[in-house]
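Below: one structure, written as structure tokens.
The values are calculated or read from the model by the stated rules, or taken from the named source; none is laboratory data. Remember, predicted model here, so these are calculated numbers, not experimental data. Cβ sites come from the backbone with ideal geometry, for glycine too, and all protein chains shown count toward neighbours.
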Amino acid sequence: MAAIVEVVDMAQGLLNINMMNTTKITSTNYMTWSLQVHSLLDGYELAGYVDGSSVPPDQMLTTDPPTPNPAYAKWKRQDKLIYSGLLGTLSPSLQPLVSKTKSAAEMWKTISTTYANPSWGHIQQIRLQLKQAAKGDKTVDDYMQSLTSRFDQLALLGKPLALEEQLEFIFGGLPEDYKSVIDQVEGRETPPSILEVHEKLINKEAKIMAMALSHTTSSPTSAHVATTRPHTSGKPFYRPNQTWNNNKQQSRKDNRITRGYQGKCQLCGVFGHSAQRCSRLQ
């Protein structure tokens, strides 16, 4: 996650943190979003502005007469800069949710209350999403990330899933191609970790992709061979043997010579000899 930090006021040390590259919050990634934002602010010692530990100073100094407190002015300016950064991580459809908040801490609380609310309906919604999850065309990494983020949400809501139940949800959305991995895992006496299962699925995915690539590469070659085999260099594959035909024609010619005249005798009416060779003349 990248962030651009600009020093707004060198004298007061105000920081304007650009959170535009932070993961946009949705109804399913609150934990990821909050972890990114809080760790970023914590890195610049500004997390207190969202978790409430940075209490604003008094607005006025107890002088006679009272005068504005410079420390409060600095705190308020820094709070507004953080508020603006948080607002940039919200989609336009979610921004009305925080329209009535006045500080970064109020915005943070409103969002956490909305998306980390441990209501029965919210928990059931997440479990339904897990039950309906399917790998489909997603990569193993994307599929696992979508499931583990929901596992983390349930844990955040105080309803963590047992390892066995997590594995059931993971296996439930896998296609038939991954059956060998499922059988291997389910045949063990103790369930493996999510990380181990993730690794096995990645390895299986690599084998499936390699087989598909091999099939794609070899299929056009086979088709080419089958198509071109009957034709070599543009000539028909089957060409009658000319020598064999010449011999056959010569054989028929020789046979006619050997057998002699095969017509009908004009004297006796018998086929097979001419009138000159008829026995009646002998």
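Assorted remarks:
- Each residue in the range 75-105 was checked for being of a type in the set (D, E, K, R) and assigned to a loop (DSSP other than H, G, I, E, B), and 2 pass.
One line per residue, one yes/no per condition, for (1) modelled with pLDDT of 85 or more; (2) over 21 Å from LYS102 (Cα atoms); (3) of a type outside the set (A, V, I, L, M, F, W, C):
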{"site": "GLY13", "(1), (2), (3)": "no, yes, yes"}
{"site": "ASN16", "(1), (2), (3)": "yes, no, yes"}
{"site": "MET31", "(1), (2), (3)": "no, yes, no"}
{"site": "SER34", "(1), (2), (3)": "yes, no, yes"}
{"site": "SER39", "(1), (2), (3)": "yes, yes, yes"}
{"site": "GLY43", "(1), (2), (3)": "yes, yes, yes"}
{"site": "GLY48", "(1), (2), (3)": "yes, no, yes"}
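- When residues of the range 138-158 are limited to those that are of a type in the set (Val, Ile, Thr) and part of a helix (DSSP H, G or I), the one farthest from GLU168 (Cα to Cα): VAL140
- Selection count where residues are loosely packed, with under 13 Cβ neighbours inside 10 Å and within 16 Å of ILE17 (Cβ to Cβ), scope the range 37-58: 4
- Filter pass, THR63 being among the polar types (S, T, N, Q), surrounded by fewer than 15 Cβ atoms within 10 Å (Cβ to Cβ) and outside the structural domain of ILE25 (by TED's automatic domain parsing): no
- Residue among SER54, SER112 that alone is among the small types (Gly, Ala, Ser), in contact with a helix residue (DSSP H, G or I) (Cβ under 8 Å, 6 or more places away or on another chain) and part of a helix (DSSP H, G or I): SER112
- Qualifying residue in the range 168-175 (condition: over 14 Å from ARG127 (Cα atoms) and assigned to a helix (DSSP H, G or I)): yes
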